[in-house]
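Engineer: Here it is, the structure in full.
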Amino acid sequence: MALVLLAAGLDTTANMLALGAFALLRSPEQLAALRSDPSLTDRAVEELLRYLSVGKTFMRTALEDVELGGHLIEAGSPLILSYNTANRDPDRFADPHVLDLHRQESRHVAFGHGIHQCLGQQLARVEMRVAFPALVNRFPTLRLAVPDEEIALRAEISDIHGVKSLPVAWDG
Ligand code: HEM
């Protein structure tokens, strides 16, 4: 149980913070909005969770026949489901590929859904609600130290989406 909590609780939040910082640094107007309006923090955290979906996928087995989008999924079928795709569903989210910290619709599935929904989600939210405003306010000139296309993503080496490293600079 301790190992599960450590793995599920550390890799996810650490990558969410680094990838979230990357997303904000790539969207200066969104970063400025977060810096200038503290009341935006909770909404911004939900939007970053939706937009980044660091958990990526989860596996399930169908317990009964289910019809979904015109396809029959037979009982016993193994399934790989994508949080990313659900969180970019254009029927739910307008302009789903856009990071919009003012977005009103916040019903994402970045923490899963149903009985296995993330046990640590409130802790994760608290961490991000503290860390993102602290970062952008403590370092007003924070910027990427390399062009953003040079930031390597760790998508291919981990189940959790993230950056391998995030070189940044700021004025002293
Ligand atoms: C931004 C941070 C986090 C994200 C995006 C995240 C995401 C998720 C997702 C998507 C699931 C569902 C997996 C599934 O459906 O099979 C999950 C489950 C879980 N999470 Fe998190 N998580 C985060 C932080 C945490 C933290 C901080 C903890 C613990 C302190 C934690 C502990 C767990 C545990 C124990 C489960 C398994 C629950 C179960 O199977 O009943 N997570 N998480």
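Conditions tested, residue by residue: (1) on the phi > 0 side of the Ramachandran plot; (2) touching an Asp or Glu at 6+ places or on another chain (Cβ under 8 Å).
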residue: Gly70; (1), (2): yes, no
residue: Ser82; (1), (2): no, no
residue: Asn87; (1), (2): no, no
residue: Pro96; (1), (2): no, yes
residue: Gln122; (1), (2): no, no
residue: Phe132; (1), (2): no, no
residue: Leu142; (1), (2): no, no
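Engineer: Would you point out which residue out of Leu49, Leu10 is within 8 Å of the ligand (Cβ to nearest atom) and out of contact with any helix residue (DSSP H, G or I) (no Cβ under 9 Å at 6 or more places or on another chain)?
Structural biologist: Working: Leu49 fails: out of contact with any helix residue (DSSP H, G or I) (no Cβ under 9 Å at 6 or more places or on another chain).
Only one candidate qualifies: Leu10.
Engineer: Quick one: would you say Gly70 is out of contact with any helix residue (DSSP H, G or I) (no Cβ under 6 Å at 6 or more places or on another chain) and more than 8 Å from the ligand (Cβ to nearest atom)? Reasoning before the result, please.
Structural biologist: Numbers: out of contact with any helix residue (DSSP H, G or I) (no Cβ under 6 Å at 6 or more places or on another chain): yes; more than 8 Å from the ligand (Cβ to nearest atom): yes.
So Gly70 fits the description; yes.
Engineer: So which residues in the range 138-158 are surrounded by fewer than 12 Cβ atoms within 10 Å (Cβ to Cβ) and of a type in the set (D, E, K, R), if there are any at all?
Structural biologist: Arg138, Asp148, Glu149, Glu150, Glu156
Engineer: Here's something else I'd like to know. Scan (1) of a type outside the set (Val, Ile, Thr); (2) without any contact (Cβ under 8 Å) to a residue 24 or more places away in the chain; (3) near the ligand (Cβ under 8 Å from one of its atoms) for the single condition Glu127 breaks and write down its number.
Structural biologist: (2)
Engineer: Quick check: anything in the range 87-98 closer than 28 Å to Gly9 by Cβ and in contact (Cβ under 8 Å) with a residue 60 or more places away in the chain?
Structural biologist: So the first thing to find is which residues in the range 87-98 are closer than 28 Å to Gly9 by Cβ, and the list is 87-89, 92-93, 96.
Next cut, in contact (Cβ under 8 Å) with a residue 60 or more places away in the chain only: none.
There is no residue in the range 87-98 that is closer than 28 Å to Gly9 by Cβ and in contact (Cβ under 8 Å) with a residue 60 or more places away in the chain.
Engineer: With the requirement that a residue be touching a Cys at 6+ places or on another chain (Cβ under 9 Å) and surrounded by fewer than 16 Cβ atoms within 10 Å (Cβ to Cβ), what does the range 97-137 give you? Full working, then the answer.
Structural biologist: As a first pass, look at the range 97-137 and keep what is touching a Cys at 6+ places or on another chain (Cβ under 9 Å): 110-112, 124.
Hit for the range 97-137 is Gly112, nothing else.
A short reminder: the numbers here are calculations on the coordinates, not readings from a lab. Because the structure is predicted, anything quoted here is derived from the model rather than measured. Note: ideal-geometry Cβ built from the backbone for every residue, glycine included; neighbour counts use all protein chains shown.
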